[in-house]
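Student: First the structure, which I've put down as C-alpha cells, then a few questions once you've had a look.
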Amino acid sequence: MIFPVFTRSDPMIVIAEAGEIARAARLLAGGGLVAFPTETVYGLGALATDAEAVARIYRAKGRPSTNPLIVHVPDVDSARALAGDGWNNVAEALAREFWPGPLTLVLPRASALAEAVTAGGPTMAVRVPDHPVARELLRACGQPIVAPSANSSGRLSPTLAEHVWADLGDRVDLILDGGPCVAGVESTVVDVTVSPPRLLRPGPISPAKLERVLGGFAVGPGTEAVSRSPGLETRHYAPRTRLETKGSATAALGRVEVVRAGGSRALWVSFGIPEADMVLPGDPAGAEQALFAALHRLDLLGLDLLVVVLPPDEPRWWAVRDRLTRASAS
Ligand code: TXA
Ligand code: MG
C-alpha cells in the first residue's frame, strides 16, 4: 500500500464553515493572508492596520506598490466610523442604497490604515461586501481587512476557490471555499471625494442604478486618479491565451468560418449571439457572472486564440466591455 506524502500540516482550501472562519480570523489577526469569497470575486485578505501583512499582499500578487487596495468592513456603521469626518451625504446615500453590496466608495484616507493600503495617497477605497462568509469573517476579525482580488497582478480575477489555489498557491495561508461568486466581476468604484462623484470602475452596480441615487456623475479616471490608481489603467484581467475583441457583432461573425479554415485553433465567444462557438448570457448581469469563470475554463484548452465579440457600447454593458478591453490590451 502506497500512501501519498503530504508536506503541508493543514489543507489549503477549506469549506467555509464556522470553525474555519474563526481560524481564518485568527490567521488574519496574526498577520496572515486569507483568501475568501465575496459576492463579486474572491479577495485576498490581510489586516489593513498591519504594515507587514499589507506588504505581503503586494508581494503575493506581484502588485505595483502604486496601486492602492480596497478596505473591507462588515457593515455601514463600521464604514462611517472608519471614515470619520471624511464621510459625506453622497457616501451616505450610496451606502444606504447599495451596501452591503458590490460598490466601493473612495473617501478621504483614515489614519489608522497602514500607509501602503492607499499607496501613500490621500484617499482610501472602502466597501461592505454582501456575502455571508465575508461578513462573518470581517465581524470575527473586528478590524478592517484589505482585499484585492486574489490573483497575481494582471491575471484573471478568481470566481472559485480553485482559481485562487491555481494562481497563488503557497503564497496564501488559507483559502475559504464559499462556492462560485454570484456577481462575477469586481465592484463598481465611485469616488465621492469629488463633485460630481466619479465612476472609476464600472461593475455590478450599473450606471443606471447610480444615476437614480446620484442624479449625475462623471465617468472614467480623472487625470489625478490615473496617477493614484494604475490598476485602472490598461492591461489587466488577462487569460494566458491570446484574446482579441471584435467590436461589431455582425462583421465579426462573418469571419468565423475564415478563421476556422485557416487551421488556427481559435474559439469565438459572444454574448447571446448564437453563431459563436460559445454563447454567454445576453444580459449584463448573467454575462458578468459567467465572464471570468468562462475565461478560466477556456484558458485550460491550449487554444491559439480567443475571439470575443464585444456586447454593445451601452452603459449597462460597460463592466463587461471594460474587463474584456483590458484583457485584450497589449
Ligand atoms: O469586488 C471587489 O472590489 C474585489 C473584492 C475582493 O472585494 N476587490 C478588488 O480589488 O477588485 P482590486 O485590488 O483587485 O481592485 C481595487 C481597485 C483598483 O483598480 C484600485 O486602483 C482601485 O480599486 N482603488 C483602490 N484604492 C483607490 C483609491 N484610493 N482611489 C482610487 N482607486 C482606488
Ligand atoms: Mg484585481
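Student: Exactly one condition in (1) within 13 Å of ligand 1 (Cβ to nearest atom); (2) within 30 Å of Pro11 (Cβ to Cβ); (3) crowded, with 20+ Cβ neighbours inside 10 Å is not met by Gly154; state its number.
Tutor: Just one mismatch for Gly154, condition (3).
Student: Another question, if that's okay. Can you name the number of the only condition in (1) assigned to a helix (DSSP H, G or I); (2) under 20 Å from Pro148 (Cα atoms) that Arg96 fails?
Tutor: (2)
Student: Please give the number of the condition Gly32 fails out of (1) at pLDDT 95 or above; (2) more than 23 Å from Ser111 (Cα to Cα); (3) part of a loop (DSSP other than H, G, I, E, B).
Tutor: (2)
Student: If we keep just the residues of segment 13-26 that are surrounded by fewer than 18 Cβ atoms within 10 Å (Cβ to Cβ) and of a type in the set (A, V, I, L, M, F, W, C), which is farthest from Ala290 (Cα to Cα)?
Tutor: Ala22
Student: Every residue in segment 73-86 that is within 15 Å of ligand 1 (Cβ to nearest atom) and touching a helix residue (DSSP H, G or I) at 6+ places or on another chain (Cβ under 6 Å), please.
Tutor: Selection gives Val73, Pro74.
Student: Does Leu107 fit the bill of being among the aliphatic types (A, V, I, L, M), closer than 17 Å to Leu200 by Cβ and in the same structural domain as Gly203 (by TED's automatic domain parsing)?
Tutor: Taking the combined requirement at face value, the residue satisfies it.
Student: Quick one: what pairs do we get from segment 259-275, first residue within 25 Å of Gln289 (Cβ to Cβ), second assigned to a loop (DSSP other than H, G, I, E, B) and modelled with pLDDT under 65, C-beta under 9 Å, 6+ apart or different chains?
Tutor: Cβ pairs passing all conditions: Trp268/Arg255.
Student: Any idea which of Arg63, Arg96, Arg59 is within 17 Å of the chain's Cα centre (by Cα) and modelled with pLDDT of 95 or more? Before the answer, list the steps.
Tutor: Working: Arg96 fails: within 17 Å of the chain's Cα centre (by Cα); Arg59 fails: within 17 Å of the chain's Cα centre (by Cα).
Step by step, each of Arg63, Arg96, Arg59 is checked, and only Arg63 is within 17 Å of the chain's Cα centre (by Cα) and modelled with pLDDT of 95 or more.
Student: Is there a residue being among the basic types (Lys, Arg) and modelled with pLDDT under 95 anywhere in segment 7-17?
Tutor: For segment 7-17, residues among the basic types (Lys, Arg) and modelled with pLDDT under 95: present.
Student: Right, something else. Checking Ala183 against (1) more than 17 Å from His236 (Cβ to Cβ); (2) among the hydrophobic types (A, V, I, L, M, F, W, C); (3) within 11 Å of ligand 1 (Cβ to nearest atom); (4) open to solvent by less than 10 Å² (accessible area, probe 1.4 Å): exactly one of these is not met. Which one?
Tutor: Unmet condition: (4).
Student: Quick test for you: out of Leu210, Leu253, Leu232, pick the one residue that is at pLDDT below 95 and within 16 Å of ligand 1 (Cβ to nearest atom).
Tutor: Working: Leu210 fails: at pLDDT below 95; Leu253 fails: within 16 Å of ligand 1 (Cβ to nearest atom).
Checking each option against the conditions leaves just Leu232.
Student: Mind listing whichever residues of segment 276-320 are without any contact (Cβ under 8 Å) to a residue 24 or more places away in the chain and surrounded by 19 or more Cβ atoms within 10 Å (Cβ to Cβ)?
Tutor: Hit for segment 276-320 is Leu280, nothing else.
Student: Which of the residues that make up segment 92-125 are within 16 Å of ligand 2 (Cβ to nearest atom) and under 13 Å from Leu82 (Cα atoms)?
Tutor: Those that are within 16 Å of ligand 2 (Cβ to nearest atom) and under 13 Å from Leu82 (Cα atoms): Val106, Ala125.
Student: Moving on. What do you reckon, is Glu136 open to solvent by 10 Å² or more (accessible area, probe 1.4 Å), free of Cβ contacts under 8 Å to residues at least 24 places away in the same chain and acidic (Asp, Glu)?
Tutor: no
Student: Are any residues in segment 170-180 open to solvent by 20 Å² or more (accessible area, probe 1.4 Å) and under 16 Å from Ala46 (Cα atoms), and if so, which ones?
Tutor: Of everything in segment 170-180, those that are open to solvent by 20 Å² or more (accessible area, probe 1.4 Å) and under 16 Å from Ala46 (Cα atoms) turn out to be Asp170, Arg171, Asp173.
The values are calculated or read from the model by the stated rules, or taken from the named source; none is laboratory data. Since we're looking at a predicted model, the values are computed, not measured. Note that each Cβ is placed from the backbone with ideal geometry, even for glycine, and that neighbours are counted across all protein chains shown. Only protein heavy atoms, including side chains, enter the accessible area calculation; ligands, DNA and RNA are left aside. Shrake-Rupley method; radii C 1.70, N 1.55, O 1.52, S 1.80 Å.
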